[in-house]
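Read through the structure below, which is laid out as structure tokens, and then see the notes.
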Amino acid sequence: MSKKKERFIKRESHIRDMRVKTSLTGRGLIPFNYNLALAGAVYGAVKRVNTELASQIHSNTGYKYFTFSLLQIPERRISPEGIYVEDGCFFLVSSPVRDVISSFVEGIMERPEVRIDRVQFEVEGVEMMRSPELDRRCVFSTLSPIIVRSVKQENGKKRIIDLYPTDTN
């Protein structure tokens, strides 16, 4: 691993956890609807090192194999035009597929920048996050939506159904 790449990794072990915190430096006005640009940055990073994997996850119409949080912006101003990022931000990317995370990390280190609209952020660091310790009963909040689905037998055929918090079974 090059010295340039080494400075981004805050843990010495290989990629084994499946969540990554990407810290960005920069400032400027970003639109409220920046999610497509952030998704593009994740896909772009994966594509730089693994075009086949990027194509596979991008063309899949169902499960996307990764999720990312909203930008966490500690110092910001809200205006009618959007969100003014005062002093950097961060976001999380997670996946149950190790190749997605390792390709994202390698790709973002290869070109350590994220562009959202007219604002160019530089990647300050990439940190592998430990998986949380979960007990039999836990209360937690998420940084991205959760979709829970199950399979139901109906008229002799299997059908995928969405589950809701109010469902009892």
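The table below lists the values:
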| quantity | calculated |
| --- | --- |
| Matching residues, segment 36-71, being polar (S, T, N, Q) and exposed (fewer than 13 other Cβ atoms within 10 Å of the Cβ) | Thr51, Ser59, Asn60, Thr61 |
| Pro96, sole failed condition from (1) touching a residue at least 60 places away in the same chain (Cβ under 8 Å); (2) over 15 Å from the mean Cα position of the chain (by Cα) | (2) |
| Every residue from segment 47-102 that is touching a strand residue (DSSP E or B) at 6+ places or on another chain (Cβ under 7 Å) and of a type in the set (Val, Ile, Thr) | Thr67, Ile73, Ile83, Val85, Val93, Ile101 |
| Any hit, segment 96-110, residues being closer than 10 Å to Gly26 by Cα, modelled with pLDDT of 95 or more and not polar (S, T, N, Q) | no |
| Residue check for Ile30: in contact with a Pro (Cβ under 9 Å, 6 or more places away or on another chain), closer than 23 Å to Pro145 by Cβ and crowded, with 19+ Cβ neighbours inside 10 Å | no |
| Leu143 in contact (Cβ under 8 Å) with a residue 24 or more places away in the chain and of a type in the set (A, V, I, L, M) | yes |
| Filter pass, Val123 being surrounded by 10 or more Cβ atoms within 10 Å (Cβ to Cβ), within 22 Å of the chain's Cα centre (by Cα) and touching a residue at least 24 places away in the same chain (Cβ under 8 Å) | yes |
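The values are calculated or read from the model by the stated rules, or taken from the named source; none is laboratory data. What you see is a predicted model; the values in this text were computed from it and never measured. Every residue, glycine as well, gets a Cβ built from its backbone with ideal geometry; the counts of neighbours run over all protein chains shown.
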